[in-house]
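Participant: Structure incoming, see below.
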Amino acid sequence: MNPHRYQAAEYLTAAADLRGMPADLGFEVAFAGRSNAGKSSAINALCRRSGLARTSKTPGRTRLIQFFRLDDERRLVDLPGYGFANVPLAVKQQWGRLIEGYLLHRHCLRGLVLMVDIRHPLKDSDWQMLEWTAQSGMPVHILLTKADKLSRGAGAKRLQEVRIELRQAGATATLQSFSALRGQGLDEALACLDDWFQWPSPEAAPATSATPKESPAPASG
Ligand code: GDP
């Protein structure tokens, strides 16, 4: 694992529909969750960049899919938060079409990280995300966020409860507890991202320097 890969993340573009997205090539890992679940904080913590995904939500961008470039082939994708109260039905439907279209038709998407507040049950919209990803066979990794809000014992119990709930529903998602505030669970989450992004191992990288010359034979006597 190499955290610098994520620290290099830079904002690329935002899209309101599939046509506005970068070319469907390379590798993408998307982040989704109900609004306030801790998605922006998680992205920032994983990239070790405090202002990357704005926790204070840039107006006008909250309903767009945002792309962050890691390298020429790899992107992190911030899907619009869902579950806002008092949002008109037409907007909810538009959100649904955008996310569904992305999850079902984006070839370069390798996995979805789903943020769920550890204190709250999975809601209908979270289950909807699991259903769409199941349809496309997309792996999902759930971060039970804000784990610092529970004692260690209560957190472990909650993790086990959600694990059982998912299994009973036939969902194959993996899950872990996470706290952006404490930096808890970063390594586990990054290992999952590393796996999905298929970073080339350093040994596989092309040699950048010529074969070193043979060192001179030690002088004898
Ligand atoms: P988003 O709407 O899903 O992007 O959520 P944010 O990342 O903006 O977080 C929503 C609220 O939860 C903010 O007040 C954050 O400070 C808070 N929050 C996010 N992550 C954590 C965490 O790990 N621990 C605690 N205690 N609060 C958090």
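The values are calculated or read from the model by the stated rules, or taken from the named source; none is laboratory data. Since the structure is predicted, the reported quantities are computational estimates derived from the model, not experimental observations. Counting neighbours? That spans all protein chains shown, and the Cβs are built from the backbone with ideal geometry, glycine included. Remember, those area values only see protein heavy atoms, side chains included, never the ligands or the DNA or RNA. Shrake-Rupley method; radii C 1.70, N 1.55, O 1.52, S 1.80 Å.
Participant: Just to confirm the number: angle between the C-alpha axis of helix 89-105 and the first principal axis of the chain, 0 to 90 degrees, nearest 10?
Facilitator: With both axes taken from Cα atoms, the answer is about 30 degrees.
Participant: Pairs of Cα atoms under 8 Å, at least six residues apart: use those to get the relative contact order of region 99-144, whole percent.
Facilitator: Reported as a whole number, the value is 55 percent.
Participant: Further, regarding this structure: What does the C-alpha gyration tensor say about the overall shape of region 1-155? Classify as rounded when a/c is under 1.5, otherwise prolate if a/b is larger than b/c, or oblate.
Facilitator: On the way: a/c = 1.39, a/b = 1.08, b/c = 1.29.
The shape class here is rounded.
Participant: To the nearest 0.05, what FRET efficiency results for I164 and D195 with a Förster distance of 35 Å applied to their C-beta separation?
Facilitator: On the way: r = 24 Å, r/R0 = 0.70.
E between I164 and D195, to the nearest 0.05, is 0.90.
Participant: Right, here's the next one. Please list, ordered by chain and number, the residues whose modelled amide H lies under 5 Å from the amide H of L12; skip anything fewer than 5 residues away on the same chain.
Facilitator: F67, F68, R69
Participant: Under unit Cβ charges (Lys, Arg +1; Asp, Glu -1), what dipole magnitude, rounded to 20 debye, does region 4-214 have relative to its Cα centre? It would help to have the intermediate numbers written out before the result.
Facilitator: Values: 28 positive and 22 negative charges, 177 e Å.
The dipole magnitude comes to about 860 debye.
Participant: Net charge within 14 Å of Q160 by Cβ-Cβ distance, Lys/Arg positive one each and Asp/Glu negative one each, not counting Q160 itself? The partial results should precede the final answer.
Facilitator: On the way: positive: R152, K157, R158, R163, R167; negative: E161, E165.
Taking every Cβ under 14 Å from that of Q160, the sum is +3.
Participant: Non-local amide H neighbours of L109 (under 5 Å, H modeled in plane, Pro and chain starts lacking H): which ones?
Facilitator: The list, which skips near neighbours in sequence, is E28.
Participant: May I pose another question? For region 4-214, with every protein chain kept in place, what is the accessible area per residue (1.4 Å probe, Å²)?
Facilitator: Dividing the accessible area of region 4-214 by its residue count gives 53 Å².
Participant: Just how far, in whole angstrom, is region 8-42 from region 152-191 if you go by their alpha carbon centroids?
Facilitator: So the two Cα centres are separated by 22 Å.
Participant: Between Q66, P3, F27, whose Cα lies farthest towards the positive end of the dipole of the chain when Lys and Arg beta carbons carry +1 and Asp and Glu beta carbons carry -1, centred on the Cα centre?
Facilitator: Going by the Cα projections, it comes out as Q66.
Participant: Can you tell which of Q93, Q184, Q176 shows the greatest fluctuation in a Gaussian network model of the chain with Cα springs below 10 Å?
Facilitator: Answer for the Gaussian network model of the chain: Q93.
Participant: Most mobile of P202, P139, P88 per a Gaussian network model of the chain (Cα springs, under 10 Å)?
Facilitator: Maximum fluctuation in the GNM of the chain, among the listed residues, is at P202.
Participant: A further question follows. Taking only C-alpha pairs under 8 Å that are 6+ residues apart, what is the relative contact order of region 15-170 in percent?
Facilitator: Numbers: 197 pairs, mean separation 43.3, N = 156.
Over region 15-170, the number comes to 28 percent.
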